[in-house]
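Chemist: Dropping the structure in here first, questions after.
The values are calculated or read from the model by the stated rules, or taken from the named source; none is laboratory data. Given the structure is predicted, the values throughout are model-derived calculations rather than measurements. So basically every Cβ, Gly included, is an ideal-geometry build from the backbone, and we count neighbours across all protein chains shown.
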Amino acid sequence: MKRKSFPFSAIVGQEKLKTGLLLNAVDPTIGGILVSGHKGTGKSTAVRALAGVLPAIDVVEGCPYNCSPADPENLCVSCAARQRSGEKLKAVRRQMPLVELPLSATEDRVIGTLHVEQILKTGERTFEPGLLAAANRGILYVDEVNLLDDHLVDILLDAAASGINNVEREGISYTHPSQFMLIGTMNPEEGELRPQFLDRFGLSLSVNGVDNASQRSQVVNRRISYDADPDSIIASFADDETLLTGQVRTARSLLLDTSVPEEMVTMAVALSAEARAQGHRAEIGIIKTARALAAFLEAGRVGPEHIIEAARFVLPHRITTLSFATGDQLEEALEDIFKKVLDDEQVPEQGTADTGIDEWEDLDKTVPGANAASHVGMIFTFMAEKKKRSMSRTP
């Protein structure tokens, strides 16, 4: 039975949450996203709605691992054998899979079951795919990720890092591709996340309920309307969903052609160093996220505004001096980091030609997102303008 989801475009507010999800959709190598917030703030609704706006994928017909017929290097054992035999792999189009990992899941349910007795009797490897197989080339969603058993956390870390799932039983092994976008949500009141798991998420953010009274009324009215007649709400936002899907597809096609000037790399490194982030995941994450944002906005090249916005997602869980800080404290720390880096005389003086910015110390005044007061949802401002242009062309 196909489950209906609340439309992504119908979610009121929560621009930062939606932006983080969309950026991972544009470039899954960013490394997933961790969303922390109290219950009832729309975390699960947004994640489940994301799958509805992502472009469909081509998969090998009948393959439980969602193998791509256009990617011979990442085929499962069965598909690779069929291809070697000369068979032309037939492709079918499917919606990108969204797999939810329940807290009660067993190890075999997650990684799959290798039937050793059957193998010893027949000599053929018999493998029953698990959730990691179903999530390949899709989204693996873990609600209340901070409550997940440690051994399952280790399994997810290994699969997310390597892109493969290796199952071993009694000296017999089976391997299949498992490349997925890892999304975790949690309520901070229920405990913290293991530090080694936390660092594996490319992006992190905290969400709160909508404060604006008008928006809160919108939330109530849309939810009640959806519960009463989901098809009507889905239909009313169909055009917005289609427009967003098309933009994600466009951004993916532009991603590798979006240039990253060397001074933007310097800026990302300076921000990570000021945050005292360990290792190099922070600056790599900032560059990847900034490039995905620039591609979504069809900017052609990464500018300082994209770097600053990306840092808001990449650095919060990597600021080593504030291990148990609140969301507000992290925001204040980020503002201090931005100010120090933008005022640092060691940072190159010239910005990019496209931004028209002459001095780096002026970024906090001229670049959207460089300070809390001017921080806006760039993606949704862009989409609103695009929708307006689209409607003006409609006869």
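Chemist: Under 7 Å between Cβ atoms, which residue pairs at least 6 apart in sequence (or on different chains) link something in the range 371-386 that is surrounded by 15 or more Cβ atoms within 10 Å (Cβ to Cβ) with a partner that is modelled with pLDDT under 80 and in a helix (DSSP H, G or I)?
Modeler: What qualifies is ASN371/GLU335; ASN371/ASP364.
Chemist: When the residues of the range 196-214 are filtered to those that are surrounded by 14 or more Cβ atoms within 10 Å (Cβ to Cβ) and of a type in the set (S, T, N, Q), which remaining residue is nearest to the chain's Cα centre (by Cα)?
Modeler: As a first pass, look at the range 196-214 and keep what is surrounded by 14 or more Cβ atoms within 10 Å (Cβ to Cβ): 197-207, 209-210.
This time we only want the ones that are of a type in the set (S, T, N, Q), so: 204, 206.
On the way: SER204: 10, SER206: 14 Å.
Ranking the candidates gives SER204 first.
Chemist: Could you please give the count of residues in the range 1-52 that are basic (Lys, Arg), in the same structural domain as GLY191 (by TED's automatic domain parsing) and closer than 20 Å to ARG137 by Cα?
Modeler: Here the count works out to 1.
Chemist: Go through (1) modelled with pLDDT of 90 or more; (2) surrounded by 12 or more Cβ atoms within 10 Å (Cβ to Cβ); (3) of a type outside the set (A, V, I, L, M) and name the single condition GLN218 misses.
Modeler: (1)
Chemist: Across the range 59-73, what is the number of residues that are within 24 Å of LEU156 (Cβ to Cβ) and either in contact with a Lys or Arg (Cβ under 9 Å, 6 or more places away or on another chain) or without any contact (Cβ under 8 Å) to a residue 24 or more places away in the chain (or both)?
Modeler: In the first step, residues of the range 59-73 are kept if they are within 24 Å of LEU156 (Cβ to Cβ); the result is 59, 63-68, 71, 73.
Restricting the remaining residues to those that are either in contact with a Lys or Arg (Cβ under 9 Å, 6 or more places away or on another chain) or without any contact (Cβ under 8 Å) to a residue 24 or more places away in the chain (or both) gives 59, 63, 65-68, 71, 73.
Going through the range 59-73 one residue at a time, the tally reaches 8.
Chemist: Please tell me if GLU192 is over 30 Å from GLY62 (Cβ atoms) and not aliphatic (A, V, I, L, M).
Modeler: Working: over 30 Å from GLY62 (Cβ atoms): yes; not aliphatic (A, V, I, L, M): yes.
Criteria met by GLU192.
Chemist: So, in the range 69-97, how many residues would count as being modelled with pLDDT of 90 or more and crowded, with 19+ Cβ neighbours inside 10 Å?
Modeler: 0
Chemist: I would also like to ask the following. Among the residues of the range 270-301, which ones are assigned to a helix (DSSP H, G or I), more than 19 Å from the chain's Cα centre (by Cα) and surrounded by 17 or more Cβ atoms within 10 Å (Cβ to Cβ)? First the steps, then the outcome.
Modeler: Keep residues of the range 270-301 that are assigned to a helix (DSSP H, G or I), which gives 270-274, 281-296.
Next, only the ones that are more than 19 Å from the chain's Cα centre (by Cα) stay: 270-274.
Answer for the range 270-301, where residues must be assigned to a helix (DSSP H, G or I), more than 19 Å from the chain's Cα centre (by Cα) and surrounded by 17 or more Cβ atoms within 10 Å (Cβ to Cβ): ALA270, LEU271, SER272, GLU274.
Chemist: Examine the range 61-69 for a residue that is within 22 Å of ALA292 (Cα to Cα) and of a type in the set (Ser, Thr, Tyr), and state whether such a residue exists. Show your work before the answer.
Modeler: Filtering the range 61-69 down to residues within 22 Å of ALA292 (Cα to Cα) leaves none.
No.
Chemist: Give the residue that is surrounded by the most Cβ atoms within 10 Å (Cβ to Cβ), with candidates limited to residues of the range 302-316 that are under 21 Å from LEU193 (Cβ atoms) and touching a residue at least 60 places away in the same chain (Cβ under 8 Å). If you could, list the steps in order and put the result at the bottom.
Modeler: The initial filter retains those residues of the range 302-316 that are under 21 Å from LEU193 (Cβ atoms), namely 311-316.
Add one more test, that the residue is touching a residue at least 60 places away in the same chain (Cβ under 8 Å), and what stays is 312-314, 316.
Details: ARG312: 22, PHE313: 25, VAL314: 31, PRO316: 22.
Checking each candidate, the answer is VAL314.
To keep it simple, each residue is scored yes or no on (1) at pLDDT 80 or above; (2) surrounded by fewer than 20 Cβ atoms within 10 Å (Cβ to Cβ); (3) not charged (D, E, K, R).
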residue: ASP154; (1), (2), (3): yes, yes, no
residue: ASN165; (1), (2), (3): yes, no, yes
residue: ILE172; (1), (2), (3): no, yes, yes
residue: PHE180; (1), (2), (3): yes, no, yes
residue: MET186; (1), (2), (3): yes, no, yes
residue: GLU190; (1), (2), (3): yes, yes, no
